[in-house]
Amino acid sequence: MIGNIFRTLAQASAAAVFLASHACSTGGHEQGRIAVATDATPPAAVRQDDGPPRKVGDEAPSSPPPVAPAKRTLALMPLGAVPEEDVALAVEAIEQIYGWKVDLMESRDLLASSYYEPRKRYRAEKLLAWLGGRKPADADMIMGLTAVDISTTKGKHKDWGICGLADMGGPASVVSTFRIGRKLPGEGKSEKRESYRKRLRELVAHEFGHQLGLEHCPNKGCIMEDAQGTVTTFNHSTGEICADCWRKLEEAGWGSNR
Ligand SMILES: [Zn+2]
Ligand SMILES: [Zn+2]
């Protein structure tokens with residue numbers, strides 16, 4: 001019985017990988033990363049996955065450890081000037097939603113070689129590779145947080161603006177606040193500010209979910225729902241990770257911190 005369940009899960013996982021791979025066959029070399037997209041110019045329905053997930057299931061144990069591990073740690077690195085309040089919101093999102101500990105790293109300048117002059121923004125896949133090499137040994141994952149515009153290649157779009165990009169299954173992600181201030185719902189400054197705070201929290205949680213191996217979720221309102229190319233997807237989010245996604249995290253051994 002249990003064997004059957006595991007076999008079914010393995011098949012489902014393989015199917016998901018295949019579908020992602022198939023759907024994104026034009027995605028080029030940025031494999032294993034998923035981005036939340038908000039570029040205003042291309043069609044809104046274009047998905048932001050850049051390629052097949054990398055190492056889905058490879059890094060996770062096939063069953064959760066019998067004893068809860070020590071508190072997992074995310075190292076958070078501000079890249080360039082980031083408002084303190086935004087940094088605090090990102091820390092809070094990870095701690096509250098996932099129960100992880102967050103170690104705030106010293107802020108660093110953006111990697112100069114990631115700058116893409118024609119569009120005056122920074123290439124997220126280069127930032128990811130750079131961040132991955134800077135994960136402290138005592139941290140499980142690393143996330144960069146920046147206020148500058150970031151982009152990556154998406155299908156035929158050579159340089160596509162995004163809100164975030166993550167290594168599927170870790171180790172790195174990068175989140176940009178540049179686009180989430182657009183089209184904020186609410187009347188007046190304080191309501192819009194609240195909408196911004198909610199979006200930032202969910203964006204951070206979404207990218208972190210990818211780092212933990214979660215793919216996009218079909219359940220409406222789940223934090224892992226596909227943004228479908230627009231920041232307005234955040235507007236109807238419940239601000240929670242759905243039960244199906246939690247189950248996947250548990251199965252991957254990431255669920256014991258909460
Ligand atoms: Zn995503
Ligand atoms: Zn979900």
- Message: Just to check I understand the Karplus step: with θ = phi - 60° and J = 6.51 cos²θ - 1.76 cosθ + 1.60, what whole-Hz values come out for segment 164-175, glycine and proline as x?
- Response: x, 8, 9, 6, 5, x, x, x, 10, 9, 9, 10
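Find the Cα radius of gyration of segment 134-258, compare it with 2.2 N^0.38 Å by division, and give the number to two decimals.
On the way: Rg = 14.9 Å, N = 125, 2.2 N^0.38 = 13.8 Å.
This ratio for segment 134-258 stands at 1.08.
Hey, what's the Cα Rg ratio for segment 130-196 versus the globular rule of thumb, 2.2 N^0.38 Å?
Working: Rg = 15.1 Å, N = 67, 2.2 N^0.38 = 10.9 Å.
Compared with the compact-globule rule of thumb, segment 130-196 sits at 1.39.
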- Item | Cβ-defined net charge surrounding Ala81, 12 Å radius [Lys, Arg +1; Asp, Glu -1] | -2
- Please list the non-local residues whose amide H lies under 5 Å from the amide H of Gly144, H modeled 1.01 Å from N, same-chain partners needing a gap of 5 or more. Met77, Ser173, Val174, Val175
- Is any residue of segment 170-187 close enough, with backbone N under 16 Å, to a label point placed 7 angstrom from the Cα of Leu111 along the Cα-Cβ axis, and if so, which? 170-176
- Item | segment 130-140 - phi-based ³J(HN,Hα) in whole Hz, Karplus 6.51/-1.76/1.60, Gly and Pro as x | 5, 4, x, x, 10, 5, x, 4, 8, 10, 7
- Item | Filter on Lys101/Lys135; Lys126/Lys154; Lys126/Lys158; Lys135/Lys156 - keep pairs with C-alpha separation over 23 Å | Lys135/Lys156
- Task: Report the full-extension gain for the segment Gln228 to Arg134: residue separation times 0.36 nm, less the Cα-Cα distance, to one decimal in nm.
- Result: 30.8 nm
- What ³J(HN,Hα) values, in whole Hz, does the Karplus curve 6.51 cos²θ - 1.76 cosθ + 1.60 give for segment 217-229 when θ = phi - 60°, with x put for Gly and Pro? 10, x, 6, 4, x, 5, 4, 8, 4, 5, 5, 6, x
- Proxy exposure order for His206, His157, His236, His216 (fewest C-beta within 10 Å first) is His236, His157, His216, His206
- Task: Taking H placed 1.01 Å from N in the peptide plane, check which residues at least 5 places from Arg121 or on another chain put their amide H under 5 Å from its amide H.
- Result: Tyr116
- Message: If you average the C-alpha positions of segment 109-169 and of segment 182-258 separately, how far apart do those two centres end up, in angstrom?
- Response: 19 Å
- Label model pair Glu187, Lys220: point-to-point distance (7 angstrom along the Cα→beta-carbon line) in nm is 2.6 nm
- Task: Collect residues whose amide H, placed 1.01 Å from N in the peptide plane, falls under 5 Å from the amide H of Cys222; neighbours closer than 5 in sequence don't count.
- Result: Thr238
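The numbers here are math on the coordinates, done by the rules we state, and not lab data. Keep in mind it's a predicted model, so treat the numbers as computed, not measured. As a convention, Cβ positions derive from the backbone with ideal geometry for all residues, glycine included, and neighbour counts pool all protein chains shown.
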